[in-house]
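The values are calculated or read from the model by the stated rules, or taken from the named source; none is laboratory data. Just so we're clear, the structure is a prediction, and the values are computed from it rather than from any experiment. Note: ideal-geometry Cβ built from the backbone for every residue, glycine included; neighbour counts use all protein chains shown. These accessible areas exclude ligands, DNA and RNA; they are computed on the full protein's heavy atoms, side chains included. Shrake-Rupley method; radii C 1.70, N 1.55, O 1.52, S 1.80 Å.
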Amino acid sequence: MTVNITAEETAKQRGFIKKCAEMNARREAPPTAHVHTFGCQQNVSDGEKIKGMLAEMGCGFSETPEGADIIIFNTCAVRGNAEDRVFGNLGALKHEKRRNPDVVIGVCGCMVQQEHIVDKIKRSFPHVDLVFGTNALHTLPELVYRQLTERKREFYVPRGDGVIAEGLPVLRENALKASIPIMYGCNNFCTYCIVPYVRGRERSRKTEDILAEAEAAVQGGARELLLLGQNVNSYGKELGTDFPSLLRAINDIDGEFRICYMSSHPKDATRELIDAIAECEKVTRHFHLPVQSGSSRVLGLMNRHYSREDYLKIVGYIRERIPGAALTSDIIVGFPGETREDFEETLSLIREVRFDSLYTFIYSPRKGTRAAEMPDPVTAEEKGEWFRELLDVQSEIGRGLYEKYVGQTLRVLCEGEGRTDPNLLTGKTPQDVIVDFDGDKSLIGRFVDVKIERAYQWALTGRIV
Ligand code: SAH
Ligand code: SF4
Ligand code: F3S
């Protein structure tokens, strides 16, 4: 069962924030914290809450761990290489602890929801002082207070289906963009995926809480709202509402801003949702719709609940209702039991759909998932070859794909200085395509109309009209 963190508990944590702030105020200089977030947008959003709480405790922030008073690693478990990266970085902190024995080193996020990982940290990383799970994020003030006063090693990973904690302070990484979780957890149990095990059951925030946060963000200057969930398309099931209704309500908030969302599971991408997006002018014209495989047989083994044909029908309806929408996807290569024929179906699907871009992954077995128990006869070398073949086919498709934008005038959110040339400005089109253009820095944070003049493989250039 989902636990809603009570107002009393939140008030108690605010009390600990105050106590830490008082202790920190007595120091010669304010303490610095280094927060390193790995993984997806959900984790980035959690990282913003960690920073929000630490800021209210009086911490400043540093980009690197050297010399920091508090170091927190907010970890990701989705693939083996994500975990390896965390362990590599964590090992390097041994020197930091030797140099500065007073530093508090904490590890949180998805990795520590797994018992074997906690055991490994206990055994092999004695310099880690604090471990806290995804359900314990809101207790950070209390945990930090204990570290400052008692300095005992603490491991706090509460079990359970998951919590919803409202009202935590947030320190946003980017003033123009506000990540707003609309739900937490996942019930889908795709057979390759660790997320349902480390993030608990699916639970939605109340619409009124989301709307209040969205309104405050827009009033505070945010120009892009990113609605987050592992499958936003199933928002509100237990509340008697749904994602299309939420989109319409956010679209009705006054002001010019853009609404983005992720991730979107094809099994719940209904015509009604696509109609709502078509009618909501603030919603991005970009669909990130992870297909994972082009083979219905593999999709069945993955427990995805749609076939190749179902997916192509959704794409057809998107293209009919919102011509010119951008389409991107995730693909896993080398799922256990995937054959050359299955893989060729993935190639034929991406040729048929012609995605704007792809996020591609080689299958990585995750302990405790169903796929990790399935026979997996294809060698790593062969999977590597398929992977490179997939990249080649996609880069062939991507070539010239952006030519269609040349000559069009698009509404662009101006986000900052140009990436390659600081004399230019950079922004994103309604399709989430990057565009560089001439203009005054005072336009940053505003929407402007840009006529597209040239297309490159990953970006556009244009001129303000
Ligand atoms: N909830 C999101 C996905 C989160 S994980 C969704 O359903 O779209 C992001 C991507 O990582 C997935 O879409 C999948 O392509 C990839 N992925 C997840 N588990 C993986 C694994 N064990 N091995 C390789 N790729 C994986
Ligand atoms: Fe993982 Fe599937 Fe849930 Fe996405 S929908 S988080 S891939 S189990
Ligand atoms: Fe990673 Fe957890 Fe996100 S496993 S992908 S950080 S939900």
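At a probe radius of 1.4 angstrom, the accessible area of region 171-317 per residue rounds to 36 square angstrom.
Solvent exposure of region 4-150 amounts to 42 Å² per residue of accessible area, where only protein heavy atoms count and the probe is 1.4 Å. Between the Cα long axis of helix 115-124 and the first principal axis of the chain there is an angle of about 50°, rounded to the nearest 10.
Across all Cα pairs in region 1-86, the calculated P(r) in 5 Å bins from zero up to the longest distance comes to 3, 13, 18, 19, 19, 14, 9, 4, 1, 0 percent per bin. With contributions of -39500 (n - 2.57) from each DSSP H run of at least four residues, the per-residue ellipticity at 222 nm computed over the chain stands at -11000 deg cm²/dmol.
Residue ranges 368-381, 425-438, 346-359, 278-291 sort as 425-438, 278-291, 346-359, 368-381 when ordered by packing (mean number of other C-beta atoms within 10 Å per residue, highest first). Note on region 167-243: dipole from Cβ charges, positive end direction compared against ALA216, ILE182, ASN231; the farthest Cα belongs to ASN231. Ranked by the mean number of other Cβ atoms within 10 Å per residue, highest first, peptides 184-193, 68-77, 90-99 order as 68-77, 184-193, 90-99. Surface composition of region 91-131: carbon plus sulfur atoms contribute 51% of the solvent-accessible area (1.4 Å probe, protein chains only, all chains present).
Relative to the dominant Cα principal axis of the chain, helix 80-99 is inclined by about 30°. Rounded to the nearest 20, the size of the Cβ-charge dipole of region 200-258 about its Cα centre is 260 debye, with Lys and Arg at +1 and Asp and Glu at -1.
Projected onto their three principal axes, the Cα atoms of the chain cover extents of 62, 57, 47 Å, largest first. In a fully extended conformation the segment linking PHE155 and LYS206 would gain 15.3 nm over its present Cα-Cα distance, using 0.36 nm per residue.
As a fraction of the 1.4 Å probe accessible area of region 380-454, surface on carbon and sulfur atoms comes out at 46 percent.
Residues TRP386, TRP458, sorted by accessible area with the largest first, give TRP458, TRP386 [1.4 Å probe; ligands and nucleic acids excluded]. Ignoring lysines fewer than eight residues from LYS404 along the same chain, the ones with Cα atoms less than 23 angstrom from its Cα are LYS282, LYS428, LYS451. Relative to the longest principal axis of the Cα atoms of the chain, the long axis of helix 41-56 lies at roughly 30 degrees.
At a Cβ-Cβ separation cutoff of 4.7 angstrom, cysteine residues of the chain with no neighbouring cysteine are CYS20, CYS40, CYS59, CYS76, CYS108, CYS110, CYS186, CYS260, CYS280, CYS414.
Over all other residues within a Cβ to Cβ distance under 11 Å of ALA212, the charged ones net out to -3, with Lys and Arg as +1 and Asp and Glu as -1. Across ARG199, ARG172, the residue with the most accessible area heads the list, and the full order at a 1.4 Å probe is ARG172, ARG199.
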